[in-house]
Amino acid sequence: MTIKVYLDTTQTPPVTVNPEIHNVNHGNETITWVPGDNQSFAFSGLTIPAGNYTPPNPFGTPVVTDGEITVTDSNGSSATYLYIISVTSGGQTYSSNAVGIGGGAGNPSIKNN
């Protein structure tokens, strides 16, 4: 499953993803984030904010390269997990938001079905 990432430093938040809510089957599935069309940045990180998740990070350790981030969804829980994705461009780091499940634009999540 692939999620496209976009950087627009004139917007808040500057980093957005498509799809914003990514539905997956819980269990062994690899999720990959890649730059969207005409995007030029390096990936710098993927964070799962503290929440009521067991374990605290419901996914495996993210593998971050300049060109993509991958993570294995290997948990067995049906739930929605917010995440923050960070990219670097021009020596500056930019991130998406992750304020709450009911939040608006820029609150990316993985929804295990």
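The values are calculated or read from the model by the stated rules, or taken from the named source; none is laboratory data. Here the structure is a predicted model, which means the values were calculated and not measured. Cβ atoms come from the backbone with ideal geometry, glycine included; neighbour counts cover every protein chain shown. When the accessible area is computed, the model is the full protein with side chains, heavy atoms only, and any ligands, DNA or RNA have been set aside. Shrake-Rupley method; radii C 1.70, N 1.55, O 1.52, S 1.80 Å.
When region 1-19 is examined, which residues are found to be hydrophobic (A, V, I, L, M, F, W, C) and open to solvent by 50 Å² or more (accessible area, probe 1.4 Å)?
Matches in region 1-19: M1 only.
One line per residue, one yes/no per condition, for (1) part of a strand (DSSP E or B); (2) at pLDDT below 90; (3) within 14 Å of S95 (Cα to Cα):
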site: Q11; (1), (2), (3): no, no, yes
site: V17; (1), (2), (3): yes, no, yes
site: N38; (1), (2), (3): no, no, no
site: L46; (1), (2), (3): yes, no, yes
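Could you tell me which residue of region 20-36 is modelled with the highest pLDDT, considering only residues that are open to solvent by less than 80 Å² (accessible area, probe 1.4 Å) and not in a strand (DSSP E or B)?
Filtering first and then ranking leaves G36.
Filter region 48-69 for residues that are polar (S, T, N, Q) and modelled with pLDDT of 80 or more; which is most open to solvent (accessible area, probe 1.4 Å)?
My answer is T61.
T72 versus (1) modelled with pLDDT of 90 or more; (2) closer than 14 Å to T32 by Cβ: which is the lone unmet condition?
Here T72 meets the rest and fails (1).
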